[in-house]
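Colleague: Sending over a structure as structure tokens; questions will come in a sec.
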């Protein structure tokens, strides 16, 4: 049985280690744009889509990599209305990977059936949206992601985490 625990506006789902469960015991945070927990059995979707539909690139821990990741996502998302949003959101997540992760980071993108972008970094610290006021000059990235993505979340994987969004 899953346990639910409030953490800011996030909900963390601890799933027992069961081979038949799609998240196999990893901690998962899945939120829709409206802040509702997404608990569909097909989430996270990475296992449902053939690997050939995913495009993957690894990036150095360098600020120039944010631009390269944006171009990478833009090259695989063909719908102009989704391309710009995808480029913006991957910029936010890769900036977080640089600031809070360790070493290289990886970006995976697929355009069908829905656009989904995963950013994997070497930190197991789960992202948490911040309470901000006008005096803060950073920390708005996850708020932007939550407003523009149809769904987004994070999950621990191995020695790091994946933060993802769908459009």
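The values are calculated or read from the model by the stated rules, or taken from the named source; none is laboratory data. All of these numbers come straight from a predicted model, not from anything done at the bench. In this analysis, Cβ positions are derived from the backbone assuming ideal geometry, glycine residues included, and neighbour counts consider all displayed protein chains.
Colleague: Counting just the residues of the range 81-99 that are under 14 Å from residue 166 (Cβ atoms) and touching a helix residue (DSSP H, G or I) at 6+ places or on another chain (Cβ under 9 Å), which one comes out surrounded by the fewest Cβ atoms within 10 Å (Cβ to Cβ)?
Modeller: Taking the range 81-99 and keeping what is under 14 Å from residue 166 (Cβ atoms), we get 82, 85-86, 89-90, 93.
Okay, now just the ones that are also touching a helix residue (DSSP H, G or I) at 6+ places or on another chain (Cβ under 9 Å), so 85-86, 89-90, 93.
Working: 85: 17, 86: 26, 89: 27, 90: 26, 93: 28.
Across the range 81-99, the extreme among qualifying residues is 85.
Colleague: Considering every residue within the range 77-86, establish whether at least one is part of a helix (DSSP H, G or I) and closer than 16 Å to residue 65 by Cα. Give the derivation first.
Modeller: Quick first cut of the range 77-86, residues part of a helix (DSSP H, G or I) only: 80-86.
With the extra rule that they be closer than 16 Å to residue 65 by Cα, the set shrinks to 86.
There is at least one residue in the range 77-86 that is part of a helix (DSSP H, G or I) and closer than 16 Å to residue 65 by Cα.
Colleague: In contact (Cβ under 8 Å) with a residue 60 or more places away in the chain, closer than 16 Å to residue 55 by Cβ and crowded, with 16+ Cβ neighbours inside 10 Å: is that true of residue 164 in this structure?
Modeller: Details: in contact (Cβ under 8 Å) with a residue 60 or more places away in the chain: yes; closer than 16 Å to residue 55 by Cβ: yes; crowded, with 16+ Cβ neighbours inside 10 Å: yes.
In short, yes.
Colleague: Taking into account only those residues within the range 130-142 that are at pLDDT 65 or above and over 21 Å from residue 107 (Cβ atoms), which is nearest to the chain's Cα centre (by Cα)?
Modeller: Residues of the range 130-142 at pLDDT 65 or above: 130-131, 140-142.
Filter once more, keeping what is over 21 Å from residue 107 (Cβ atoms): 130-131.
Details: 130: 16, 131: 20 Å.
Checking each candidate, the answer is 130.
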